[in-house]
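Visitor: My questions all concern the structure below.
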Amino acid sequence: MLVFKFGGASVKDANGIINLGSVVKKFEAEQLLIVVSAMGKTTNTLERLTKAYINGDEGLQNIFDEIKTFHYSIIEQLFEPNHPVFNEVANTFVEIDWVIEDEPHEDHDFIYDQIVSIGEMVSTRIVSAYLNQAGIKNQWLDVRGYVLTDNTYREGVVQWDKTCAAINKDIPQLLTKGAVVTQGFLGGTSENFTTTLGREGSDYTASIFASCLGAETVTTWKDVPGILNADPKLFEETVKFDELSYTEAIEMTYYGASVIHPKTIKPLQNAKIPLLVKSFTHPDEPGTIIHQSSENKFVKPVIIIKPNQVLLSISARDYSFISEQQLSVIFKMFSQCQVKVNLMQTSALSFTVCFDLREEKFKKLLQYLTEGFKVKYNDNLTLITIRHYSPASLKALTDGKTILMEQLSRNTIQLVVK
């Protein structure tokens, strides 16, 4: 039994969905569970829609129309006008109508999950219908009844025992009848509300299903030939890894390598399930395999760039030392605001942290911190992480930049720059 995950780039248009069908056709003899993301940049557009709804912007309906037009244009290229998928997609979009008819809920993360999740619900309806039309028998599955989470909206915490029980109750039997197509990124609560697992969380969804079902492998189909040492959009002459260890992959995703969701690797490592990262345009090429026994060789350093960073320094109002007690208070505030720390450093009188800027969470954090501490910060910064670095690679990346914070270990250097 195999698990496939297709990201937004692989289903960004009608030709992408046709290509997905040709890739799946090659594995028709296998039991397949197929996880699909929202199409193209739909998640970004749905985020704009969510923001417009919360802010009461007049352009709300125009954004919603843009989303619907994009999807219907793809459907029209794939299906005859009377195909049932038109009604299925229209009924799915109605879920957004229900949300935006009411006044915004006070929990903006809750609103985000109810609206943004529709991207995956629609994309899987289209992909499932196309595969059936192409002769690839499959069953569409609502993931929200199987990946069960708590009520932490935008960062749903998977309830593993309940999730595996739900998955193993129904899905093995469904797989005997054909492929199963379901959504990435989404989960469901005990109150039947939708949660999301964090941006780019579809990889994690594939990992959850594979772990619970004991899959042979997981394959994520990407617009790159495998895992590269750096983002090819930012760097020339990148190199592909033929294989990586689970440990190295976890380190890379922890530091922000966007090719795989950070939570993806651990469930696969625990179950000893290999992860393949392959190109959806060249499916016969080997890609990269992540598994237990890999011996990594690094011809070039691994470079990870995270833009839109905040560097924030916290100090006591009475100039006292930053103690363990104060740190525990500070970390509790970060936890309550769901702000993840990318880099931190402590001195006698201050505690400095670097993290991704998410406006709402940052404002809430500042409100908490300024009640008891002095705070200063810089924004619009970049965090550069270099693993297996050399002096030459370090110089090339920092020339012409101001380094505001630096941290060095045996294998990794991190720099906050502007």
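Visitor: Go through the stretch 222-267 residue by residue and tally those that are closer than 26 Å to L197 by Cα, of a type in the set (A, V, I, L, M, F, W, C) and either touching a residue at least 24 places away in the same chain (Cβ under 8 Å) or surrounded by 20 or more Cβ atoms within 10 Å (Cβ to Cβ) (or both).
Guide: Number of matching residues: 11.
Visitor: Only residues that are hydroxyl-bearing (S, T, Y) and open to solvent by 30 Å² or more (accessible area, probe 1.4 Å): list them for the stretch 31-73, please. I'd like the intermediate steps shown before the answer.
Guide: First, the residues of the stretch 31-73 that are hydroxyl-bearing (S, T, Y): 37, 42-43, 45, 50, 53, 69, 72-73.
Across the stretch 31-73, the qualifying residues are T69, Y72, S73.
Visitor: Please list, ordered by first then second residue, the pairs with beta carbon atoms under 6 Å, 6 or more apart or interchain, first in the stretch 152-166 and in a helix (DSSP H, G or I), second open to solvent by 30 Å² or more (accessible area, probe 1.4 Å) and among the aromatic types (F, W, Y).
Guide: A166/Y146
Visitor: Looking at (1) surrounded by 16 or more Cβ atoms within 10 Å (Cβ to Cβ); (2) within 29 Å of Y112 (Cβ to Cβ); (3) without any contact (Cβ under 8 Å) to a residue 40 or more places away in the chain, which is the only condition I322 fails?
Guide: So I322 meets the others, but not (2).
Visitor: Name the single residue, out of those in the stretch 276-301 being more than 26 Å from D13 (Cα to Cα) and in contact (Cβ under 8 Å) with a residue 60 or more places away in the chain, that is surrounded by the fewest Cβ atoms within 10 Å (Cβ to Cβ).
Guide: Among them, the one singled out is V299.
Visitor: Also, I was wondering about something else. When you scan the stretch 300-368 for strands (runs of 3 or more DSSP E) that lie fully inside it, which ones turn up with 3 or more residues that are of a type in the set (V, I, T)?
Guide: Ranges flagged: 302-316.
Visitor: Taking the stretch 95-127 as the region of interest, how many residues are open to solvent by 10 Å² or more (accessible area, probe 1.4 Å), of a type outside the set (A, V, I, L, M, F, W, C) and under 24 Å from the mean Cα position of the chain (by Cα)?
Guide: 7
Visitor: Regarding the stretch 346-362, can at least one residue be identified that is without any contact (Cβ under 8 Å) to a residue 12 or more places away in the chain, touching a Phe, Trp or Tyr at 6+ places or on another chain (Cβ under 9 Å) and open to solvent by less than 80 Å² (accessible area, probe 1.4 Å)?
Guide: No, because not a single residue in the stretch 346-362 is without any contact (Cβ under 8 Å) to a residue 12 or more places away in the chain, touching a Phe, Trp or Tyr at 6+ places or on another chain (Cβ under 9 Å) and open to solvent by less than 80 Å² (accessible area, probe 1.4 Å).
Visitor: If you check every pair at least six apart or on different chains, which have Cβ atoms under 6 Å apart with a residue in the stretch 96-125 that is closer than 17 Å to K68 by Cβ and among the charged types (D, E, K, R) first and a residue that is assigned to a helix (DSSP H, G or I) and open to solvent by less than 10 Å² (accessible area, probe 1.4 Å) second?
Guide: Taking only residues 6 or more apart or on different chains, the pairs are R125/V89.
Visitor: Give me the pairs: first residue in the stretch 199-214 and touching a residue at least 12 places away in the same chain (Cβ under 8 Å), second residue hydroxyl-bearing (S, T, Y) and in a helix (DSSP H, G or I), beta-carbon distance under 8 Å, and six or more apart or on different chains, which are they?
Guide: Within 8 Å, the pairs are R199/T43; I208/T163; C212/T163.
Visitor: If you don't mind, there's one more thing I want to ask. Are there helices (runs of 4 or more DSSP H) fully within the stretch 1-111 with at least 2 residues that are charged (D, E, K, R) and at pLDDT 95 or above? List them. Before you say what the answer is, go through the steps one by one.
Guide: On the way: elements: 14-25, 42-55, 60-78, 85-101.
Correct list: 42-55, 60-78, 85-101.
Visitor: Return yes or no: is V147 of a type in the set (A, V, I, L, M) and surrounded by fewer than 19 Cβ atoms within 10 Å (Cβ to Cβ)?
Guide: No: the conditions fail for V147.
Visitor: If you don't mind, there's one more thing I want to ask. Restricting attention to the stretch 131-186, which residues are within 21 Å of the chain's Cα centre (by Cα) and of a type in the set (D, E)?
Guide: Residues satisfying the conditions are D142, D150, E155.
Visitor: Every residue in the stretch 153-194 that is of a type in the set (S, T, Y) and exposed (fewer than 14 other Cβ atoms within 10 Å of the Cβ), please.
Guide: Correct list: T176, S190.
Visitor: Moving on. For the stretch 377-391, state whether one or more residues are closer than 22 Å to K306 by Cα, of a type in the set (G, A, S), open to solvent by less than 40 Å² (accessible area, probe 1.4 Å) and touching a residue at least 60 places away in the same chain (Cβ under 8 Å).
Guide: No: zero hits.
Visitor: Mind counting the residues in the stretch 325-344 that are closer than 29 Å to I304 by Cα, buried (at least 16 other Cβ atoms within 10 Å of the Cβ) and either of a type in the set (S, T, N, Q) or in contact with a strand residue (DSSP E or B) (Cβ under 9 Å, 6 or more places away or on another chain) (or both)?
Guide: Number satisfying all stated conditions: 7.
Visitor: Further, regarding this structure: Being of a type outside the set (A, V, I, L, M) and either open to solvent by less than 40 Å² (accessible area, probe 1.4 Å) or free of Cβ contacts under 8 Å to residues at least 40 places away in the same chain (or both) is the filter here; which residues of the stretch 74-93 pass it?
Guide: If the condition is that a residue be of a type outside the set (A, V, I, L, M) and either open to solvent by less than 40 Å² (accessible area, probe 1.4 Å) or free of Cβ contacts under 8 Å to residues at least 40 places away in the same chain (or both), then E76, F79, E80, P81, N82, F86, N87, N91, T92, F93 are the ones that fit.
The values are calculated or read from the model by the stated rules, or taken from the named source; none is laboratory data. As the structure is a computational prediction, the values presented were derived from the model and not from experiment. Quick reminder, even Gly has a Cβ in these numbers, built from the backbone with ideal geometry, and neighbours come from all protein chains shown. Protein only, heavy atoms only, side chains kept; ligands, DNA and RNA dropped before computing areas. Shrake-Rupley method; radii C 1.70, N 1.55, O 1.52, S 1.80 Å.
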